[in-house]
Every structure is written in structure tokens, then in C-alpha cells.
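The values are calculated or read from the model by the stated rules, or taken from the named source; none is laboratory data. Note that the coordinates shown come from a computational prediction; the quantities given were computed from them, not determined experimentally. Heads up, the Cβs are rebuilt from the backbone with ideal geometry, glycines too, and the neighbour counts pull from every protein chain shown. Surface areas here come from the heavy atoms of the whole protein model, side chains and all, with no ligands, DNA or RNA. Shrake-Rupley method; radii C 1.70, N 1.55, O 1.52, S 1.80 Å.
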Amino acid sequence: MTAVSTVEETAPARDDVAGARGRFRPLRWLFVLVLAVVAAQLAVFLVGNSRFQWDVVAKYLFEKSVLAGLGTTVLLALAAMVLGSLAGGVVAAMQLSGFAPARWVATLWVGLFRGIPPLVQLIFWFNLAYLLPRLSIGVPFGPVFGTWDANTVITPLTAAVIGLSLVESAYLAEIFRAGVLSVDPGQRDAARAMGYPPGQTLLRIVLPQAMRVIIPPAGSQFINVLKGTALVSVIAMSDLLHSVQVIYNRTYEIVPMLLVACFWYLVVVTALTAGQRRLERRFSRGHRGAR
């Protein structure tokens, strides 16, 4: 015991890498200094410029009409996302189908609704009554089961939902298709060899793996459609932007009211981004690099 203690006392201490001090990096410190100067300048500009009229921003931040417009914006984005996801899923399945006419129709759908700007589509659907004064449901060239006045059916709300949903369906179809194709075909072969039917293979094998690829761009697309709802103000839809426009057209306080709209857009987008990150972590469990 005496010999062992002597060896331990005389052995040189090992260098602990974990406790080593980091190397001094002057460029990083310079970058931080520049950032601090820019942040200070921005803060002085925001606080010192009286034309921002922060008191007006605070006055209208929780205005009833503004909150109603915010609710319309969120509901419109949700409706467009849900309907766009349903249509996009069907279009993606048609694109992956071995039936050529189905693939042609799906390709035409994506090219058409993704190629035309959303603003043009919104205006077009809002003026659909010019082409079809009456909307009807029935068998082509056959009996008609029901008919309605187009001016009654195509309101700013229905035109906005139709236009945004069709645009979203085209983008989401491509996202879904890319997600399904990212799954190794060997996974489907293994499921087939184990006797899984096609539907069960899709739901239990393919989709859980594809979601890891689908969620990030789909979440970004949801944020895009939320911001894209600002376009519906051109068809007199009472969304968030239209609500602040009504106020500043009366008070001429344009910049403060736009700041109110910016604030609520940022709040909703931040909440959606947090939800997206949470979903990404959930579907990335077990994969390296997941956070």
C-alpha cells in the first residue's frame, strides 16, 4: 500500500482538455462590437424618433376591430392549410401513381396553381360571377341537382379560401411527394414481404418516416400562407391588414397602424415557429442531429 501511494503522489498531473481556455479570436470580438453598435443605433432610432408614435401603437394594439381582423387572418390561414393539405395529398398520390393520365392531371394542377401569382388568383375567383353567373351541381351535359347565384356564393371569404387553398394544394403536393420519395423503397418491400396491406404500409411504415422530411417545409408553408392572407385585403376581406387600413384611412396614422399589424404578425409567426420546432423534434426522435 505504501508503494502504490508513492507512485500516485509522484505521477505528473494530466492536462484536462475540458478546462483549457479558448483561443482569443479578435475577429469574433470585432463582430460582436459591431453588432452592439448597430443594436444601440437601432434602439436610439426606435425610441428617439417621435414619428413612430408608440402611444398610438399602444392605443390600437388591442382595438376590437384589429383583434377581429387578427382572428379572421388566423382562421383563413387554417382553412387554407387544411383544405390545401387535403387537396395536396390527393394530388401527391396522383403524381406517385403508376396511372399516366392521373400523373398528367396532377402535374398540370401543380404547374397551373403554382405558376400563377396568388394575388391574380384571388382577384380571378372573386370575379368568377362574370364567367358563371349561376353555379350548379349535376351530371355534365345531364341533369342538374342544384343551382345558386354566383354573386351570393362567391363572397370575399369564399374567394379567399378557394384561392389560397388552391395555391397551397400545389405547394403541399410537391412537399408530400418529396417526403414519400425520401423513404427508402426497401422499407415498402420489407413491409410487403411481412404481409402488410398497402394502406397499412403507408400509414405505419412510410408516413412516420416521411413526416420528418415533410414537417419543416410544410411548417414554413403554413407561415407563408399566414402572411399571404394580407393579399385578401384587395378583395375587401376584413383581415388584419384590412382592419388597420380602415383605421389609418380615417386617422392618417399610417406608420403606427402598420406597426400594430407587424406586431401581431410577428406574434403569430413566432408561435407557429415554436410549434413547428416541437413537431420536428417529435418526428426526429431516434435520428442523429435531432434537437
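Observations on the model:
Table: residues versus (1) in contact with a His (Cβ under 6 Å, 6 or more places away or on another chain); (2) touching a residue at least 60 places away in the same chain (Cβ under 8 Å); (3) under 28 Å from Ile123 (Cβ atoms); (4) open to solvent by less than 60 Å² (accessible area, probe 1.4 Å).
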{"site": "Val234", "(1), (2), (3), (4)": "no, yes, yes, no"}
{"site": "His242", "(1), (2), (3), (4)": "no, yes, yes, yes"}
{"site": "Pro256", "(1), (2), (3), (4)": "no, yes, no, yes"}
{"site": "Cys262", "(1), (2), (3), (4)": "no, no, yes, no"}
{"site": "Thr270", "(1), (2), (3), (4)": "no, no, no, no"}
{"site": "Gln276", "(1), (2), (3), (4)": "no, yes, no, yes"}
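- The one condition in (1) within 28 Å of Leu157 (Cα to Cα); (2) open to solvent by 50 Å² or more (accessible area, probe 1.4 Å) that Phe283 fails to fulfil: (1)
- For Ser85, the conditions (1) open to solvent by less than 80 Å² (accessible area, probe 1.4 Å); (2) assigned to a strand (DSSP E or B) all hold with the exception of (2).
- Within the set Ile137, Ile162, the sole residue that is closer than 24 Å to Ala79 by Cα and not in a strand (DSSP E or B) turns out to be Ile162.
- Residue within the stretch 177-185 that is at pLDDT 90 or above, in a helix (DSSP H, G or I) and not aliphatic (A, V, I, L, M) present: yes
- Of the candidates Leu76, Leu135, Leu67, the single residue that is without any contact (Cβ under 8 Å) to a residue 24 or more places away in the chain, open to solvent by less than 40 Å² (accessible area, probe 1.4 Å) and not β-branched (Val, Ile, Thr) is Leu135.
- Selection of the stretch 144-173 for residues being open to solvent by 80 Å² or more (accessible area, probe 1.4 Å) and over 25 Å from Ser238 (Cβ atoms) yields Val144, Phe145, Tyr171.
- Matching residues in the stretch 179-197 - criterion: being open to solvent by 40 Å² or more (accessible area, probe 1.4 Å), within 19 Å of Val91 (Cβ to Cβ) and not polar (S, T, N, Q): Leu181
- Test for Phe222: is it closer than 22 Å to Glu168 by Cβ, open to solvent by 30 Å² or more (accessible area, probe 1.4 Å), part of a helix (DSSP H, G or I) and of a type outside the set (Ser, Thr, Tyr): yes
- Residue in the stretch 109-119 that is loosely packed, with under 14 Cβ neighbours inside 10 Å, closer than 17 Å to Phe176 by Cα and free of Cβ contacts under 8 Å to residues at least 60 places away in the same chain present: yes
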